[in-house]
Amino acid sequence: MRNLYDEWAHQYDNDVLVSEKYTAPKLAAETVVSTVANRRGSDDVIGELKTLDAGCGTGLVGVELAALAAKNIDGLDLSPGMLGVARKIGAYDDLVEADLTKPIGKDEGYYDVVTCVGIFTKSHVLSSALNDLIRVVKKGGLVVATVLDSIWVSDGFEAEVRQLGGSGKVKVLGTDWFGYRVASSAGARMVVLEKS
């Protein structure tokens with residue numbers, strides 16, 4: 001997988017964002033900002049928050065967050081090639097190579113917000129990884145993640161989100177369907193969790 005994304009890195013944005021009309025990065029960033037505004041009663045606090053873009057790829061979410069006044073953004077990705085592209089955009093404070101199938105190398109409650117866009121798709125990262133995204137978020141912090149609709153039920157994401165909400169670990173603020181890659185009619189869920 002790392003080799004595939006390393007080779008694809010310089011063409012990725014054109015292939016996915018342009019050709020496939022990939023809406024997820026922009027919608028995820030807008031979801032973060034609107035949810036933070038609703039929870040905190042102000043739309044100008046996003047710049048104060050420490051954000052992790054888990055599985056940042058070429059930095060598409062970072063660009064969108066920065067355009068909405070977010071600062072203090074870190075990124076993690078499996079692919080050094082993708083991180084190289086992300087590094088050039090200047091939206092991130094820190095970019096680190098990391099495998100999201102393993103624990104994130106940050107203390108519990110380190111971030112205010114975690115985004116995870118495009119990682120919960122076919123043959124990538126299991127639903128159990130949501131637990132570690134939640135772990136690194138502060139109490140009252142947000143996890144905003146996209147899950148490809150075709151694996152939402154079959155790969156256990158719906159059940160995992162339901163279990164997390166039922167356990168009291170998080171409040172489930174949303175699991176709405178949206179058009180993920182418009183050109184290929186692919187849909188996804190925008191999962192929004194607030195850590196309890």
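Data for the structure
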quantity: Selection from segment 157-177 of residues that are surrounded by 16 or more Cβ atoms within 10 Å (Cβ to Cβ) and under 20 Å from residue 122 (Cα atoms); calculated: 157, 158, 160, 161, 175
quantity: Scope segment 165-184; condition in contact with a strand residue (DSSP E or B) (Cβ under 8 Å, 6 or more places away or on another chain) and in a loop (DSSP other than H, G, I, E, B); matching residues; calculated: 169
quantity: Test: residue in segment 183-191 that is touching a Lys or Arg at 6+ places or on another chain (Cβ under 8 Å) and in contact (Cβ under 8 Å) with a residue 24 or more places away in the chain; calculated: yes
quantity: Close pairs from segment 97-111: first closer than 7 Å to residue 136 by Cα, partner at pLDDT 95 or above and loosely packed, with under 14 Cβ neighbours inside 10 Å, Cβ under 7 Å, at least 6 apart; calculated: 109/139
quantity: Residue within segment 125-142 that is within 13 Å of the chain's Cα centre (by Cα), surrounded by 21 or more Cβ atoms within 10 Å (Cβ to Cβ) and on the phi > 0 side of the Ramachandran plot present; calculated: no
quantity: Restricting segment 35-47 to residues that are part of a helix (DSSP H, G or I) and exposed (fewer than 14 other Cβ atoms within 10 Å of the Cβ), the residue that is modelled with the highest pLDDT; calculated: 38
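Listed here are the residues, each with its yes/no results for (1) out of contact with any Asp or Glu (no Cβ under 8 Å at 6 or more places or on another chain); (2) of a type in the set (S, T, N, Q); (3) in contact (Cβ under 8 Å) with a residue 40 or more places away in the chain.
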residue: 31; (1), (2), (3): yes, yes, yes
residue: 49; (1), (2), (3): no, no, yes
residue: 54; (1), (2), (3): yes, no, yes
residue: 79; (1), (2), (3): no, yes, yes
residue: 83; (1), (2), (3): no, no, no
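The values are calculated or read from the model by the stated rules, or taken from the named source; none is laboratory data. Just so you know, these numbers come straight off a predicted model, no measurement behind them. Reconstructed Cβ throughout: ideal geometry from the backbone, glycine too, with neighbour counts over all protein chains shown.
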